[in-house]
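Here the structure comes first, spelled out in C-alpha cells, and everything after it is commentary.
Quick note: the coordinates plus some simple rules give every number you see, no bench work behind them. On a predicted model such as this, the values are computed, not experimentally measured, just so you know. Glycine gets a Cβ as well: all are built from the backbone with ideal geometry, and neighbour counts include every protein chain shown.
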Amino acid sequence: MHTLSSSTPIDAPPEIAWEVMTDHELYARWVPRSRVELEVEGSPERNGVGAVRVFRIGPVGTYEEITAFEAPRRMAYRVLKIPLPVRNLRSELILVGREDATGCDLHWDSWFEPVVPLTGGALRRALAPAVAKMAAGIAEEAQRRARSA
C-alpha cells in the first residue's frame, strides 16, 4: 500500500472550507478543460455518502464514491474507476481548526496499490500535483468567501 499526504493551510473558518470542499462541481475550476458531474446523489445530502462524482477531462473519466461525510470536518471517498494503473485508491480529507481561530488546515491523505509492481513511486509523483492543485483551489475559494462574508 502506498500513501500520499498533504496539509494545506486555509485562512477561513472550517465551516466555509467545508462548503467549498464538498461542492464537487467547483473542482472543475481548478483543472483546465475538465468538468465534474454528479452521477448519483448522496443521502441525506446531495454530495454526501453514496454520491458518485465523475471527473472528466475529454472522454476520460475518474469515478469516485463518497464513503464518509461528517460536516464540517471529514469527507472520504474511494475511486471506482480511474485511467491509471492503480487499485483500491481511497482518500480522506479532514479540516482541523486552528487553536487561534484564524482558520483551519486541510489534511488530505490517500492510499493506493499499484497494479504494476515497482510503479508506486511514479504513481505517487503523478497523483501528488493533482491533489496539491485541488487543495490549493479549495483554500483559495474558501479564503475568497471568508473575505467577502
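Some notes on this structure:
- Residues in the stretch 49-72 that are within 14 Å of Met21 (Cα to Cα) and within 13 Å of the chain's Cα centre (by Cα): Arg53, Ile66, Ala68, Phe69.
Each row is one residue, and each column tells you yes or no for (1) among the hydroxyl-bearing types (Ser, Thr, Tyr); (2) on the phi > 0 side of the Ramachandran plot; (3) in contact with a helix residue (DSSP H, G or I) (Cβ under 6 Å, 6 or more places away or on another chain).
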| position | (1), (2), (3) |
| --- | --- |
| Arg73 | no, no, no |
| Val79 | no, no, no |
| Glu92 | no, no, no |
| Gly97 | no, no, yes |
| Ala101 | no, yes, no |
| Ala132 | no, no, no |
| Ala136 | no, no, no |
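- Residue within the stretch 93-103 that is surrounded by 12 or more Cβ atoms within 10 Å (Cβ to Cβ), of a type outside the set (Phe, Trp, Tyr) and within 22 Å of Arg56 (Cα to Cα) present: yes
- A count restricted to the stretch 1-38 and to residues that are surrounded by fewer than 15 Cβ atoms within 10 Å (Cβ to Cβ), under 14 Å from the mean Cα position of the chain (by Cα) and assigned to a loop (DSSP other than H, G, I, E, B) stands at 1.
- Selected residue (only one of Leu95, Leu118, Leu123, Leu89 is more than 15 Å from Trp18 (Cβ to Cβ) and either touching a residue at least 40 places away in the same chain (Cβ under 8 Å) or among the polar types (S, T, N, Q) (or both)): Leu123
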